[in-house]
Amino acid sequence: MIEDSPFVAAAPVLVPMPAERPYTYAVPAGMRVVPGSIVRVPLGPRQVAGIVWDGVVEKVDAKKLRPIEQVFDCPPIDRAMRRFVDWIAQYTLSPPGMVARMLLRAPEAFDPEPWIEGLQRTLAKPDRMTGARMRVLETAEGGLAWTRSGLAHAAGVSSTVIDGLKAQGVFETVMIPPRPVVAAPDPGYAQPSLMPDQSDAAAMLRSNVAAGTFGVTLLDGVTGSGKTEVYFEAVAAALDRGKQVLILLPEIALTHAFLERFQERFGAKPAEWHSDLPPRMRERVWRQVAEGGVRVVAGARSALFLPFRELALIVVDEEHDPAYKQEDRVFYNARDMAVVRGHIGGFPVVLASATPSVESRVNASQGRYSRAVLSARFAEAALPDLKTIDMRRAPPARGGFLSPVLLGHMRQTLEKKEQSLLFLNRRGYAPLTLCRVCGHRFGCPVCSAWLVEHRFRGQLVCHHCGHNERRPEACPECGTLDHLVACGPGVERIAEEVVAHFPDARTIVLSSDLMGGVRRLRLELEAIANGEADIVIGTQLVAKGHNFPNMTLVGVVDADLGLANGDPRAAERTFQLLSQVTGRAGRTGKKSLGLLQTFQPDHPVMRAIVSGDAEAFYEREIAERERAALPPFGRLAGVIVSAATRAEAEGHARGLRRAAPQASDLFVLGPAEAPLSLIGGRHRFRLLIQGERRADMQGFIRVMLAEGPKLRGSVRVQVDIDPQSF
Ligand code: ADP
Ligand code: ZN
C-alpha cells in the first residue's frame, strides 16, 4: 500500500544507456521532480545521471522500486528537447537512452557552479599609503568585487599587498557568482550597410525570426557573397526578441576567424562548443546555456544537444558539409536534425551554403524550403578565373605531379608576392608503398586498406584504425633492400616537389597530421592570412571558409580524386569541394586564378566548375537522382553487420535479409561486403534498403531486426538511415 511506503510516487527516468525506454524509480516523500528534471539514480551497482521523462508510470509495486537519490539543482530539460530526443531515437532506430546520453555529456554541470571568494572595498582607509597600495585602491575604485589574485594581477602588485590591506579592514570578503563564459552579444553593436540583394535576404530572414514560426530558408550564395553578414541579421533579430541562437559550423575548431567576426558585429563572442573545449569550459557552457546566460552558441554538430531553453533560430553554415553526419553509435545528420529541432521548437532554420546539397536544392525547388540567393561577390571581389589543365596533354616531369602550366603560374604568383594554394585531399607522403622487386604492397593487418606513408614521421599509417609501423628498409616479403617505392602523391610529397622547384619560397603544409593539434593549426592559418607564407599545400582543412586576402592562385593537384569511387554522391561532393577550394582565391579584388589538374576535362563536374554554371550541374544531378529514385526522390538506409569473422558477419546479414517483411515500396539489396570490408579486425557486410519517398523505412527495418537472428557472439548491427555514401 502506498500509504505505508516512504515513497509517494514513481517516475520514469531515461538513463544514458542503450535503454529502449525509461526505467521506473520511486520518488521519495518530500522530493519534487517534474518531467525534464535531471536526477541521480542507482543503476546496477552504479549511480548515473538521468532525465525524468514524460508519460505516466504503470501501476507498480512501489516497494520494489529503487528510489531517485537526488534531484540536481539544475533547470529541467524542456519539453521541446525531450520530444527531440524521442524523435531522433525513432528516426535513427537508436535506443532513446543513447540519444539522452548525448545530452548528458557535461556531468559536472548538473550542480550549480560554486560562488567564489572575493574582495570588496570598504570605507576604511589604510594606515599608511604606499605606491603599491595606491595602485590597488585605484584599481578597485569602481566598487566591484575582485578575486585576490585577479586584483593583484590587475594592479601589478604582489598578493601580500592585498593581504595587508585586508588585515586593516580596507577590503572585506564577499562571495562572487561565477563569471559568464562570454559577454552578452549586442544586436545593435555594429550594423552593416547591406547591398540590395543582401538586404532583401536579410529582411526575409529577420521577418521569419520575428514571426517565430517554423520554416526553413536555404541561403544560397557564392563564396564571399556575404552569407555570414546576412544570417547575422537573423541572429540579431532573435537577440532582439531576447531569445537564444545556435550556429552550427562544420569545423568549429578551425573557426577562430568566425568568432572574431561575430565579435566585430555583436561586440562579444559566441560561446564555443566542440570536442576540443577543455572539460571545465564545457561544463560552464552547458550550465549557462541551460540557465539562459549564454545567448549564442557556435558549435559542432553535438551542440544540437545543448539544453537551450529559449532557442529561436538555428543556422547551419556550409549545410552540405559531410562533417555534419555522425557515424558512430547514433547515426544522424545534424543538418537534417536541426530542421527537426526547428519544427518541434516552432522556430526558423537557416541553411547556408555556396554549394547546397542536392537534397536542400530539391526541397527548395519543391517549395518545402524558401530560398534566398546572393549571386555576386561583395564589393569588387571577383570570383577567380577557372581553368582545367589536361594532364594527358601537359604531363608533369618524370616523378612529379605538378604540370609545367601550374608551376609557371606559381612562379608568376611568387613574383607578384602573392600566395598560392595547392590542394590535394590526401594526407601523408604516398597512399601506397610497394616493393619493386616482388610487388609486395603494404596493407593494414586489421583493415582492408593500404598503409599510407608519412615521411616526416618515418611511418606507414592506416587512416582507418590508426595502426602504424616503421617504414622498413627491406621488403618483408622478399627481403630486398632499398627497392620500396612510394606510389602516388600525398601533401607531403607535393611539398617536396614544391621545395625542389621553389627553394626560396616560404612553404607550409596543412593537414590534420600537423603536430601541435588545433592550436598550431590556428596559428598557421593566421600566419597564412597575414601573408607569412608564399605557398600553402593542404588537404580539405584549408578548403573550408577561410579568408586569405593575398591568395590569388589555387591549384588542384588531382581534381579527379573524388570521382574515382563508384558512389552516386561522388559528383556532388567533388563539385562542392572544388568550388569551395577554388573559392579561397581572389577574396579581395585582386585578379585570381583556379587551375584544376584533370584527366577528364570534359567531365560534367569540371565543365560546371570552369563555366561557373552551377545551375546546369544541379539540374543534371537532380534529374539523375530522380531517374534512379535515389535520395531525395527515394529513401535509403544501410544496415551494417560486423563481426570478428567473415562467416559470422555474412551469416547474420543473410539472416536479416530473410527476415525482411513483404513491402511493395521497399526492397533490400545485398548483403554485400561493405565499402571497407574490414576495419579494426572486424568484418563488415552491408544491406542497403531502397524505397519510395513515403515508405515506412523505420517500420520495415524494425521488423527485420526483431524477426531476424538474435545478436550472438561478436556480432554488431548498426543502422544508418540516409547514409552519406551508397
Ligand atoms: P560568405 O559567407 O558568403 O562566404 P562573407 O559573409 O564571408 O561571405 O563575406 C565576404 C566578405 O565580404 C567578408 O569579408 C565580409 O565582411 C564582406 N562583406 C560582405 N557583405 C558586406 C557588407 N554589406 N558590408 C561590408 N562588408 C561586407
Ligand atoms: Zn587499419
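Quick note: the coordinates plus some simple rules give every number you see, no bench work behind them. What you see is a predicted model; the values in this text were computed from it and never measured. Virtual Cβ from ideal backbone geometry, glycine too; neighbours counted across all protein chains shown.
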In terms of the charge dipole of the stretch 606-726, which places +1 on Lys and Arg and -1 on Asp and Glu at the beta carbon, the residue among I622, L688, M606 farthest towards the positive end is L688
In debye to the nearest 20, the charge dipole size for the stretch 189-340, taken about the Cα centre with +1 at each Lys and Arg Cβ and -1 at each Asp and Glu Cβ, equals 640
In the stretch 303-366, the GluC sites (Glu not before Pro) that sit in a DSSP loop and have at most 16 other Cβ atoms within 10 Å of their own Cβ are E310, E327
Applied in sequence order to the stretch 307-323, the curve 6.51 cos²θ - 1.76 cosθ + 1.60 (Karplus, θ = phi - 60°) yields integer Hz couplings, x standing for Gly and Pro, of x, 4, 10, 9, 5, 10, 6, 10, 10, 10, 7, 6, 4, 7, 5, x, 5
With R₀ set to 60 angstrom, the calculated FRET efficiency between the beta-carbons of R627 and D61, to the nearest 0.05, is 0.50
Per the rule of 0.36 nm per residue minus the C-alpha distance, extending A500 to R46 adds in nm 157.3 nm
Among beta bridges assigned by DSSP with both residues in the stretch 213-336, the antiparallel ones amount in percent, to the nearest 5, to 15
When the charge dipole of the chain is computed with +1 at the Cβ of Lys and Arg and -1 at the Cβ of Asp and Glu, the Cα pointing farthest to the positive end, of G142, Q419, A210, is that of G142
Trypsin sites (Lys or Arg not before Pro) in the stretch 18-50 lying in a DSSP loop, each with at most 12 other Cβ atoms within 10 Å of its Cβ, come to R32
With label points set 7 Å from each Cα along the Cα-to-Cβ direction at R519 and D127, the distance between them in nm comes to 4.5
Note on the chain: contact order normalised by length, alpha-carbon pairs under 8 Å, 6 or more apart, percent, works out to 10
Spelling it out for L669: with amide H atoms placed in the peptide plane at 1.01 Å from N, the residues 5 or more places away or on another chain with amide H under 5 Å from its amide H are L688, I689, Q690
Exposure-ranked with fewest Cβ neighbours within 10 Å first, T645, T223 stand as T645, T223
Rh_Kirkwood(the stretch 190-275) over Cα pairs, Å, one decimal, evaluates to 13.8
Applying a 4.7 angstrom Cβ cut-off across the chain, unpaired cysteine residues come out as C74, C465, C487
By the C-alpha gyration tensor axes a ≥ b ≥ c (rounded if a/c is under 1.5, else prolate when a/b exceeds b/c, else oblate), the shape of the stretch 611-704 is oblate
Under 13 Å by backbone N from the virtual spin label 7 Å along Cα-to-Cβ at V446, the residues of the stretch 608-646 are 644
With the label point 7 Å along the Cα-to-beta-carbon line of R411 and a cut-off under 12 Å to each amide N, the hits in the stretch 476-512 are 501-502
With 0.36 nm assigned to each residue of separation and the Cα-Cα distance removed, E260 to R646 gains 133.9 nm
With the dipole of the stretch 1-151 defined by +1 on each Lys or Arg Cβ and -1 on each Asp or Glu Cβ, the option from C74, M102, Q120 whose Cα lies farthest towards the positive pole is Q120
For S677, the residues 5 or more places away or on another chain with a placed amide H closer than 5 Å to its own amide H are S448
Phi-derived 3J(HN,Hα) across the stretch 470-486 with the Karplus relation (6.51, -1.76, 1.60, θ = phi - 60°), rounded Hz, x for Gly and Pro, is 5, 6, x, 7, 10, 6, x, 8, 10, x, 5, 7, 6, 10, 7, 10, 8
A student applying the Cα gyration tensor rule (rounded when a/c is under 1.5; otherwise prolate if a/b is larger than b/c, oblate if not) would label the stretch 298-428 prolate
Karplus ³J(HN,Hα) for the stretch 609-622 (6.51 cos²θ - 1.76 cosθ + 1.60, θ = phi - 60°; Hz, whole; x = Gly/Pro) runs 5, 5, 7, x, 8, 5, 4, 4, 4, 4, 4, 5, 5, 5
Loop-resident GluC sites (Glu not before Pro) in the stretch 40-136 with no more than 12 other Cβ atoms inside 10 Å, DSSP not H/G/I/E/B, are E58
Within the stretch 522-548, the residues whose backbone N lies under 15 Å from a label point placed 7 Å from the Cα of M281 along the Cα-to-Cβ direction are 522-523
Ranked from fewest to most other Cβ atoms within 10 Å of their own Cβ, S664, S611 fall in the order S664, S611
Answer in debye to the nearest 20: the dipole magnitude of the stretch 307-373 about its Cα centre, from +1 Lys/Arg and -1 Asp/Glu charges placed on Cβ, is 240
Of all DSSP beta bridges having both residues in the chain, the percent classed as antiparallel (nearest 5) is 55
Least to most buried among M134, M98, by other C-beta atoms within 10 Å and fewest first, runs M134, M98
Taking a ≥ b ≥ c as the square roots of the eigenvalues of the Cα gyration tensor, with a/c under 1.5 meaning rounded and otherwise prolate when a/b exceeds b/c and oblate if not, the chain is oblate
For V554, other-chain or 5+-apart residues with amide H closer than 5 Å (H placed, Pro excluded) are L421, L593, G594, L595
Quick calc: nm separation of the 7 Å Cα→Cβ label points for S365 and R693 -> 1.2
